[in-house]
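Worksheet: one structure, shown below.
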Amino acid sequence: MIHLLRTDPWQDLKDNYGKGGFERLTGMKKANPHLKVTLAIGGWNEGSVKYSQMSADPSRRAKFVKNAVAFIKRYNFDGLDLDWEYPTQRDGKPEDKENFVSLVMELKSELRKHDLILTSAIGASKIMIDEAYDVKTLSNYLDFMHIMCYDYSGSWDKKVGPNAPLRNNGILDIDTTISHLLARGASPSKLVLGLPFYGRTFIAQGEGYFGDPTDDKGFPGPYTKESGFMGYNEICATVQNTSAAWEVSWDAKTDQAIARKKNTEIGETKVVTFDSSRSIANKIRYAVKLKLAGAMVWSIDTDDFLGNCKVDNDTFVDYTPKPEVKLSFPRRVNDNFPLLRTINEAIIVAQSEAEQEKAIEDDKDNEIPHGSTGSAGVCFQTHFLSIIVILSIFSSGFFS
């Protein structure tokens, strides 16, 4: 995710010898005509109250819509991403659920006139989904729903847990989130699976297994310096340091990688739970099988963009070939952006697998009994967007 702060005109604009970040980013569409560059507003640090207040007032909603559309058109963006975290939560009000729908409908009505798209970040908790979102209606009006399938566990829980488990306990895991959204009326073609390019850190008593007690802070990475958080580039550099005595394992139940470093002198263990390339590949396979719209990442800047780490050699180990399904695994030329590259590679492999399996199934269904005549054809195509990149601003400028 690239953060664009509207409160920093020198970074965003060309005026007064500014860096012109907006123009440089939207200018990439010239070389890549298929690219869509959208602008996001909101985020965790923005809170919920101002959105709650704005959406409750029809006149303020109208002003927001007018300002947002004008801003997007002025700087040549292709649409708006709403990142209200979250309706009805964090000092929001119960009526936020209905008011959020009104805001989305009014935004869509205006954006449609200019052929602009509208998306929204969506929380992953079942309880939050039910309290905050009219899923079926939002699915009808949003072009895509970006599901934030991460932060299922963290140091705030005071126990070790997986950051983004594909499956876990049927309560806090990706499969539960996606299944719940589909049951609530979301179209799979609107759901975008969120993937974390970071891990959650813990300082645990004892061995540091899932469920073991921890403090409420975790430990920071060397670059991001945020307690409880490490970017993938920080994780791989740290655990691959042979002098640091980290042990890395794979948890098949959750599809998560786990790194541990035990300090026997004080009886504590540092733990990081994170998505490796194997985790990412398995999640893409899951999304393709469900025919979801695509994947998004948080965030590109914490991938190993310099290619300093050793490339994982187990990325596709869970893609077990079958006699009737032939899988070809890409040979990677460059080592930088390993997780981002894994997404694109896994899409190709998973789509090929899904198409072959579908063709086999259709052939069985269309078998002609001996003595009968007839013909049958198979036509299957999987539509899956590779990656959605969101350009974000965290600003209250649209409200004024």
query: ³J(HN,Hα) across the range 259-276 via Karplus (A = 6.51, B = -1.76, C = 1.60, θ = phi - 60°), whole Hz, x for Gly/Pro?
result: 10, 10, 9, 9, 10, 5, 5, 10, x, 10, 10, 7, 10, 10, 10, 7, 8, 8
field: Asn140-Glu207 FRET efficiency (beta carbon distance; Förster radius 60 Å; 0.05 resolution)
entry: 0.80
- request: Express in nm, to one decimal, how much length is gained between Lys97 and Ala244 on full extension, taking 0.36 nm for each residue of separation and deducting their alpha carbon distance.
  value: 48.1 nm
- request: Subtract the Cα-Cα distance of Ser179 and Ile348 from 0.36 nm times their separation in residues, and report this length gain in nm to one decimal.
  value: 58.5 nm
- prompt: What distance in nm separates the simple spin-label points at Thr224 and Leu290, each placed 7 Å from Cα in the Cβ direction?
  reply: 2.3 nm
- request: Please identify, among Gly18, Gly185, Gly92, the residue showing maximal mean-square fluctuation in a Gaussian network model of the chain using a 10 angstrom Cα cutoff.
  value: Gly18
query: In whole percent, how big is the carbon plus sulfur part of the accessible area of the range 149-277, probe 1.4 Å, protein atoms only?
result: 50 percent
- request: Could you state the accessible area per residue of the chain in Å², with a 1.4 Å probe and every protein chain left in place?
  value: 49 Å²
field: Residues Gln11 and Lys66, FRET efficiency given R0 of 25 Å [Cβ-Cβ distance, rounded to 0.05]
entry: 0.50
message: Using a 7 Å offset from the Cα along the Cα-to-Cβ direction at both Glu361 and Ser109, what is the distance between the two label points in nm, to one decimal?
response: 4.1 nm
- prompt: Picking from Trp250, Trp84, Trp298, which is most flexible by a Gaussian network model of the chain using Cα springs under 10 Å?
  reply: Trp250
query: Carbon-plus-sulfur fraction of the accessible area of the range 283-356, 1.4 Å probe, in percent?
result: 53 percent
Gaussian network model of the chain, springs between alpha carbon atoms under 10 Å - residue of Glu361, Glu265, Glu234 with greatest fluctuation: Glu265
message: How long are the semi-axes of the equivalent ellipsoid of the range 129-232, defined as square roots of 5 times the Cα gyration tensor eigenvalues? Whole Å, largest first.
response: 31, 15, 10
message: Compute, for the range 198-327, the length of the dipole vector about the Cα centre, with Cβ point charges of +1 (Lys, Arg) and -1 (Asp, Glu) only. Units Debye, rounded to 20.
response: 500 debye
Percent carbon-and-sulfur accessible area, the range 1-137, ignoring ligands, DNA and RNA, probe 1.4 Å: 51 percent
task: Quote the relative contact order of the chain in percent (integer), defining contacts as alpha-carbon pairs under 8 Å separated by 6+ residues.
output: 17 percent
- line: Distance in Å, no decimals, from the C-alpha centre of the range 35-105 to the one of the range 235-305 is 33 Å
message: Quick query: amide H of Ile117 versus all other amide H atoms, modeled in the peptide plane; which residues come in under 5 Å with a sequence gap of 5 or more or a different chain?
response: Gly79, Leu80
Residue-wise HN-Hα coupling along the range 198-208, computed from phi with Karplus coefficients 6.51, -1.76, 1.60 (Hz; x: Gly, Pro): 7, x, 9, 10, 9, 10, 10, 7, x, 7, x
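The values are calculated or read from the model by the stated rules, or taken from the named source; none is laboratory data. Computed from a predicted model, the values in this text were never measured in an experiment. All Cβ positions, glycine included, derive from the backbone under ideal geometry; neighbour counts span all protein chains shown. Please note that ligands, DNA and RNA were not included when accessible areas were found on the heavy atoms of the full protein model with its side chains. Shrake-Rupley method; radii C 1.70, N 1.55, O 1.52, S 1.80 Å.
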